[in-house]
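S.K.: I am attaching a structure below and will ask some questions about it afterwards.
The values are calculated or read from the model by the stated rules, or taken from the named source; none is laboratory data. Source: prediction; values computed, not measured. Glycine also receives a Cβ, built like all others from the backbone with ideal geometry; neighbour counts cover every protein chain displayed. Side chains included, ligands, DNA and RNA excluded: accessible areas come from the protein's heavy atoms. Shrake-Rupley method; radii C 1.70, N 1.55, O 1.52, S 1.80 Å.
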Amino acid sequence: MLSWIKHSTFIRKTHRKAFNVNARFINFVAMHAGRAKTSVKEEHKNRPLVVVTVAFNHVGLIEKQIELLRQNLTDEGFLHVVADNSPDKNCRRQIEQLCQEQHVVYVSVPPIIERCCWHRVFYGGISHGGALNWLYYHYLRELSPKRLALLDHDAFPLAPTSLCQSLGQRPFYGVKRIMEHGWYLWPGWCLFSFDFLLKHQPDFLPIYVSDSYLDAGGNNFFRLFQSFSPMKTEFPMVKTHRIKKTKGLTRHDEIYHGDCIQIIEGKWVHIINGSNCAHIPGKEKVVQKLLNNLDRLQPYTS
């Protein structure tokens, strides 16, 4: 038994080291994947707020988010950028067409980043983090906004709200992820002063720190957050609600990814696992039903 435990521990340590090597490789790929095909327009530079959404294989989520941002985000002059990290070519075409029709900035993330992520061996947010690294260093720095907001494609404002007011004069603000050996902001709902990012060179890739897994955005513990105490940092209120009980879901992670939503600041809803990367049976139908009935989630925000 003792030898099996030692063997199992060795496998886990080896996997963690290999994961971090792969993450560094993805960062190398992102840094050398070339400039964005979408040129930066002069009228898009130096905006008070740029809102970035990383799209992934779901045009319906992007369509609803565009609609609700325009309806409820009160920040004047904000620029919405959709960075498309979809591996499905048909989804990419649909999302690009939607953005053109809605006059939203569309940026195609180089597909090689997603292709190099080796998902059969390494789970987690490597693809998301690599896409954000590429976007930041090849596109966003040239935009040079005053503030930057990063949203997941399944996060929606259900009531009038201001991201600029949420950030205030802070260097950063967002949904926290606190682990034993580090903490970071989830890059699905977080805000930054762009000057703060320029000074600290962010890295949105995940990382293992000892036995703690810091998912997408985790490497920013070392780049951005290590000198800040999470006990002295303000974070938005987040409440998780189980809104249905799907038969057959028993493990905590299955229930979380299959049946739950999150309410952020009392005004935003996050449909957890909107693109069903967790492969929960029937999740696609659940997401579509939620998109068709987001107004019914209002009671959860009160």
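S.K.: Which condition from (1) out of contact with any Phe, Trp or Tyr (no Cβ under 7 Å at 6 or more places or on another chain); (2) touching a residue at least 40 places away in the same chain (Cβ under 8 Å) is the one that residue 257 breaks?
M.R.: (2)
S.K.: If residue 227 passes every condition in (1) open to solvent by 10 Å² or more (accessible area, probe 1.4 Å); (2) part of a loop (DSSP other than H, G, I, E, B); (3) within 30 Å of residue 298 (Cβ to Cβ) but one, which one does it miss?
M.R.: It is condition (3) that residue 227 fails.
S.K.: Sticking with this structure for a sec: Of the residues 52, 105, 109, 81, only one is open to solvent by less than 70 Å² (accessible area, probe 1.4 Å) and touching a helix residue (DSSP H, G or I) at 6+ places or on another chain (Cβ under 6 Å); which?
M.R.: 109
S.K.: While we're on this one: Do we have any residue at all in the range 243-258 that's open to solvent by less than 30 Å² (accessible area, probe 1.4 Å), modelled with pLDDT of 85 or more, touching a strand residue (DSSP E or B) at 6+ places or on another chain (Cβ under 7 Å) and not hydroxyl-bearing (Ser, Thr, Tyr)?
M.R.: Checked against the condition, which is being open to solvent by less than 30 Å² (accessible area, probe 1.4 Å), modelled with pLDDT of 85 or more, touching a strand residue (DSSP E or B) at 6+ places or on another chain (Cβ under 7 Å) and not hydroxyl-bearing (Ser, Thr, Tyr), the range 243-258 yields no hits at all.
S.K.: Related question: Has the range 292-300 got any residue that is farther than 14 Å from residue 60 by Cβ, part of a helix (DSSP H, G or I) and open to solvent by less than 30 Å² (accessible area, probe 1.4 Å)?
M.R.: Yes: one or more hits.
S.K.: What are the pairs, 6+ residues apart or on separate chains, where a residue within the range 261-275 that is more than 11 Å from residue 237 (Cα to Cα) has its Cβ under 6 Å from a residue that is part of a loop (DSSP other than H, G, I, E, B) and open to solvent by 10 Å² or more (accessible area, probe 1.4 Å)?
M.R.: As it stands, the answer is 261/243; 269/158; 275/56; 275/57; 275/58, since those pairs meet every condition given.
S.K.: Just for the range 200-224: of the residues that are of a type in the set (Ser, Thr, Tyr) and either free of Cβ contacts under 8 Å to residues at least 40 places away in the same chain or assigned to a loop (DSSP other than H, G, I, E, B) (or both), which one is least open to solvent (accessible area, probe 1.4 Å)?
M.R.: For the range 200-224, the residue satisfying everything is 212.
S.K.: Regarding residue 120, is this residue open to solvent by 10 Å² or more (accessible area, probe 1.4 Å) and modelled with pLDDT of 95 or more?
M.R.: no
S.K.: Considering only residues that are open to solvent by 30 Å² or more (accessible area, probe 1.4 Å), of a type in the set (D, E, K, R) and either touching a Ser or Thr at 6+ places or on another chain (Cβ under 6 Å) or part of a loop (DSSP other than H, G, I, E, B) (or both), which ones fall in the range 148-187?
M.R.: 170, 180
S.K.: What number of residues within the range 15-49 are touching a Cys at 6+ places or on another chain (Cβ under 9 Å), over 22 Å from residue 150 (Cβ atoms) and open to solvent by less than 30 Å² (accessible area, probe 1.4 Å)?
M.R.: Total meeting the criteria: 1.
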